[in-house]
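These notes concern the structure reproduced below.
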Amino acid sequence: MLFPIFYSWPFMAFFFIPLFSGGHLSIFKSGFAPVITLSLASLLLGGCVVHHGQFDEMGSMTVRRSSCPAVAVPDYTGDVTLFNPSDQRTASAIDIEAVITKLRPKCDDTASGPVVTHLTFTVQARRRHVGGARDITLPYFVAVMRAGTRLLSKEMGTVRIHFEPGQMATDTEVTTSSAIDHDSATLPRDIIRQLNKVRQVTDVDASVDPTNDPKVRAAMKEASFEMLVGFQLTEPQLAYNATR
């Protein structure tokens, strides 16, 4: 799905893709790179991907909107700290720390069936006291959100962390997946026509961003999905992450 976007070079600015436009979760570690230009912000909210260098003689940039979900780690769920004794919360009582990092999504939105995203991420763990071999198991979740507010699914998994004798830090790779309905992640045809409408310089709406239309923004939001991964934390663990 290609949209022609016009903008003025002097107004270029860097920004990061917000996963939620006004909810309780904000920007986090994302599997997508920063994108350029203020005028593309509303399209990127809908999962668009910029193909750099695709300019025509009029100075327009081509943007392809992907049906693939944005991938991210929600605030306060990307790391976990285990204590010994378990009821202590001091630095000296820290036993093991683990963090989710290096999100690597692989998604194909060209098929007619469900949009399946395979996600590989790394769990980096470090123990405070070096000793013999040790294994721990950490629970994590994979959730799919729609429009930034509606939870469609949530699945649980576990990752096994293994320390060799004398090893202080270790990395473990985890692979998981999610699926969303292709039609649900596709914009309605009338919205696509409005976005793809060719405007001449002399047209009244030549300088009007079509994504400013509330109907267009609502449709783009409804067709936007997020795949979230994080540690399944207990209430004390979550409170520790939020207040430290």
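The values are calculated or read from the model by the stated rules, or taken from the named source; none is laboratory data. Model, not experiment: these values are computed from the prediction. Neighbour counts are summed over all protein chains in view; Cβ atoms, including those assigned to glycine, are modelled from backbone coordinates with ideal geometry. Areas reflect the complete protein model, heavy atoms only, side chains present, ligands, DNA and RNA absent. Shrake-Rupley method; radii C 1.70, N 1.55, O 1.52, S 1.80 Å.
Can you confirm whether segment 152-171 contains a residue that is within 26 Å of G113 (Cβ to Cβ) and basic (K, R)? Within segment 152-171 (the criterion being within 26 Å of G113 (Cβ to Cβ) and basic (K, R)), the answer is yes, since at least one residue qualifies. In segment 230-244, the residue that is most open to solvent (accessible area, probe 1.4 Å) out of those that are aliphatic (A, V, I, L, M) and in contact (Cβ under 8 Å) with a residue 60 or more places away in the chain is L238. Taking segment 85-116 as the range and being at pLDDT below 95 and polar (S, T, N, Q) as the test, the residues that pass are S86, Q88, T90, S92, T110, S112. You will find that of M156, M220, M227, the residue that is in contact (Cβ under 8 Å) with a residue 60 or more places away in the chain, over 25 Å from A111 (Cβ atoms) and either surrounded by 17 or more Cβ atoms within 10 Å (Cβ to Cβ) or under 20 Å from the mean Cα position of the chain (by Cα) (or both) is M156 and no other.
Please tell me if T176 is out of contact with any Ser or Thr (no Cβ under 9 Å at 6 or more places or on another chain), hydroxyl-bearing (S, T, Y) and at pLDDT 95 or above. Give the derivation first.
Numbers: out of contact with any Ser or Thr (no Cβ under 9 Å at 6 or more places or on another chain): no; hydroxyl-bearing (S, T, Y): yes; at pLDDT 95 or above: yes.
Considered against the rule, which asks whether it is out of contact with any Ser or Thr (no Cβ under 9 Å at 6 or more places or on another chain), hydroxyl-bearing (S, T, Y) and at pLDDT 95 or above, T176 comes out as no.
Screening segment 182-196 for residues that are touching a residue at least 40 places away in the same chain (Cβ under 8 Å) and over 12 Å from E222 (Cβ atoms) and picking the one that is surrounded by the fewest Cβ atoms within 10 Å (Cβ to Cβ) gives N196. Among the criteria (1) within 19 Å of F225 (Cβ to Cβ); (2) acidic (D, E); (3) part of a strand (DSSP E or B), the one D109 does not fulfil is (3).
This table checks each residue for (1) of a type in the set (S, T, N, Q); (2) buried (at least 16 other Cβ atoms within 10 Å of the Cβ).
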site	(1), (2)
K106	no, no
T110	yes, no
G113	no, no
H118	no, no
T137	yes, no
I161	no, yes
E164	no, no
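Within segment 63-102, the set of residues being aliphatic (A, V, I, L, M), outside any strand (DSSP E or B), in contact with a strand residue (DSSP E or B) (Cβ under 9 Å, 6 or more places away or on another chain) and surrounded by fewer than 19 Cβ atoms within 10 Å (Cβ to Cβ) comprises just one member, A93.
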